[in-house]
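Before any comments, here is the structure.
The values are calculated or read from the model by the stated rules, or taken from the named source; none is laboratory data. Remember, predicted model here, so these are calculated numbers, not experimental data. Here Cβ is always computed from backbone atoms with ideal geometry, including for glycine, and neighbour counts include all displayed protein chains.
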Amino acid sequence: MALVQRPKYITGALIVDGSIEADQVKTDSLTANKFKGATEEQYFNKFSGQSIGFNTYVTLHEFDFPTPELELVKSQSIQATFNGTLYTGTSSTVGSTVYLYIEVKVPDSITYRDIGVFTHESFQSGSYQRAYITGNYLNRFGTGEVGTTSTYRAYRNLRFEQFYALTANNLVANNSFANTNDWTSVSGTFTSEYGVYGQIVQDATADKAHIYQQVTTTAGKTYRFDKTVYSQSSANARFHLSTSSDIADAFFTGFISSAGGSSQHNVKIDYDSVYVIIENDSATQGNLIAVDNVNLYLTEPRTYVDVSTSGGQVIHSTIPTRIYHHPYGSASAGTWRVVKTLITSIRTNSYTNYFTVDTEAFLGIEKTSHECRIRARHFFSGDTLNITNGTVMMKSRMTGEQNE
Amino acid sequence: MIVVGYERRLENEPYFEYVEDSRHSEKEDAESAMLALRTAQADNEDVLLFFYGVATSDTEYEINLIMDVDTPLPPSAPEV
């Protein structure tokens, strides 16, 4: 008889009065009051004494960014600051520019990192295409370019949108009231005016006139709820999302006055079915509300980015395309990546001047070390800039990303 | 599209300019062009650094990598 090894399950909580040792622990969620090991790291460097002549690149400081502890992929950033003095030898005001550069040496290893599969949305001015991916992928970007594994494109307008409404699929039927179909009228009079908007008139009863329709939703998702009231209304309007056709069961209510207007709300819905209810908020007979464009759209989180098309479009117009982050672009070993350039215009006082230059660079997520340097130059002709003291702060921070 | 070029010192403001040398769709071609450029400009004392850039239009680019003028040429490079 063959030996069959059954999976071992524990139903319920496992309480261990000691330690658990394992090569790997896989879990969807890990909660801890204290992590041992440097999940967040910060390292300090200091430099001083350099002199920078006119229009020359001077290396102020060379240093290594340490490999993140535990070899975890971490978000890495560098902050560089220096205090400088400049003696101009004149009582006159002199204006010019100081440059500060943070640079990282290109490593020999493959440097690109998977971001995800992006969908083309539109073309933008200046030879860029706009594309998106569902979810939050901001931490997979950093200084440098994006592209396929062997193409490199500049990118801009990287941003996250928490509630992007999928407007192609409106859950509300007959949302612009071309007729009175799909809505159930309760008390009052419900009509389609000219086939372009809905009108709900209060009658002589004590119940406030309202209409409703049931829509199917997915519990736990967030939906965008749109509504419009026109100014010919003589009553205020209330727009409810309810678990039943009864307004008393509403879990969300939006209000628009009789002066009219439109509003959008993002509402998290914890039910598989909801009722959209539009209520005339007046008990006076003859008072009416004119309503239109009542929409309920599922939303999703999206990360947007504009990618340069110069040299060729990397994200296909109709086929979603996987793209990668290239911290070093078309790099070859021996070159330096300028991860940040700070340009500061300075106007001096008489003779001796003091100033501070400060900048920060985000390198993206990585689990390797980096060779780095800080360089500076200035364009005060004939003068020398002296660095009295400077600091470098390196930070590594867990972001939840561990993609290889 | 990879841009190969260099930064040149100027006598007057703004005291420097970036000079685009060539554009390439292949990384290997860009590296060959960089080697040729460095060889050609080896005696030019006004060169501050060499750079690779990423094109953002037919005429514009972003500099993303720099190479110091004193970076040694690889062994396979021609004698200068």
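Quick rundown of the values:
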{"quantity": "Only listed residue being free of Cβ contacts under 8 Å to residues at least 24 places away in the same chain, farther than 30 Å from A:Phe380 by Cα and away from chain B (no Cβ under 14 Å), chosen from A:Gly126, A:Gly195", "calculated": "A:Gly195"}
{"quantity": "Criterion violated by A:Gly364 - all others in (1) within 30 Å of the chain's Cα centre (by Cα); (2) modelled with pLDDT of 90 or more satisfied", "calculated": "(2)"}
{"quantity": "Test: B:Met34 is within 11 Å of chain A (Cβ to nearest Cβ), within 13 Å of the chain's Cα centre (by Cα) and outside any strand (DSSP E or B)", "calculated": "yes"}
{"quantity": "Looking only at region B:37-46, and only at residues there that are within 14 Å of chain A (Cβ to nearest Cβ) and not in a helix (DSSP H, G or I), the one that is nearest to B:Tyr6 (Cα to Cα)", "calculated": "B:Asp46"}
{"quantity": "Residue in region A:78-92 that is at negative phi, of a type in the set (A, V, I, L, M, F, W, C) and at pLDDT below 90 present", "calculated": "no"}
{"quantity": "Only listed residue being in contact with a Leu (Cβ under 9 Å, 6 or more places away or on another chain) and either loosely packed, with under 15 Cβ neighbours inside 10 Å or at pLDDT 90 or above (or both), chosen from B:Ala77, B:Ala33", "calculated": "B:Ala77"}
{"quantity": "Matching entry among A:Ala131, A:Ala165 (being farther than 23 Å from A:Phe362 by Cα, at pLDDT 95 or above and assigned to a strand (DSSP E or B))", "calculated": "A:Ala165"}
{"quantity": "Qualifying position, being under 23 Å from B:Leu65 (Cβ atoms) and part of a loop (DSSP other than H, G, I, E, B), among A:Thr56, A:Thr93", "calculated": "A:Thr56"}
{"quantity": "Test: residue in region B:47-65 that is more than 29 Å from A:Gly142 (Cα to Cα) and either facing another protein chain (nearest Cβ under 8 Å) or basic (Lys, Arg) (or both)", "calculated": "no"}
{"quantity": "Unique match (being farther than 27 Å from A:Ile365 by Cβ and within 33 Å of the chain's Cα centre (by Cα)) among A:Phe82, A:Phe65, A:Phe44", "calculated": "A:Phe82"}
{"quantity": "Test: residue in region B:8-28 that is facing chain A (nearest Cβ under 9 Å), surrounded by 15 or more Cβ atoms within 10 Å (Cβ to Cβ) and farther than 28 Å from A:Gly311 by Cα", "calculated": "yes"}
{"quantity": "Matching entry among A:Thr303, A:Thr399, A:Thr359, A:Thr391 (being among the polar types (S, T, N, Q), away from chain B (no Cβ under 14 Å), buried (at least 22 other Cβ atoms within 10 Å of the Cβ) and touching a Lys or Arg at 6+ places or on another chain (Cβ under 8 Å))", "calculated": "A:Thr303"}
{"quantity": "Of the criteria (1) in contact (Cβ under 8 Å) with a residue 12 or more places away in the chain; (2) within 14 Å of chain B (Cβ to nearest Cβ), which one A:Phe82 fails", "calculated": "(2)"}
{"quantity": "Pair list, Cβ under 8 Å, 6 or more apart: region A:212-230 residue closer than 12 Å to A:Gln264 by Cβ, other residue part of a loop (DSSP other than H, G, I, E, B) and among the polar types (S, T, N, Q)", "calculated": "A:Tyr223/A:Thr217"}
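Quick grid of which residues meet (1) at pLDDT below 90; (2) assigned to a strand (DSSP E or B); (3) more than 30 Å from A:Ser381 (Cα to Cα); (4) of a type in the set (Asp, Glu):
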position	(1), (2), (3), (4)
A:Ile102	no, yes, no, no
A:Asp108	yes, no, yes, yes
A:Thr111	yes, no, yes, no
A:Thr119	no, yes, yes, no
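Results for (1) closer than 30 Å to A:Tyr304 by Cα; (2) surrounded by 13 or more Cβ atoms within 10 Å (Cβ to Cβ); (3) within 14 Å of chain B (Cβ to nearest Cβ); (4) free of Cβ contacts under 8 Å to residues at least 40 places away in the same chain, shown as yes or no for each residue.
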| position | (1), (2), (3), (4) |
| --- | --- |
| A:Glu161 | yes, yes, no, no |
| A:Tyr164 | yes, yes, no, no |
| A:Asn169 | yes, no, no, no |
| A:Asn181 | no, no, no, yes |
| A:Ser187 | no, yes, no, yes |
| A:Ser245 | no, yes, no, no |
| A:Asp249 | no, yes, no, yes |
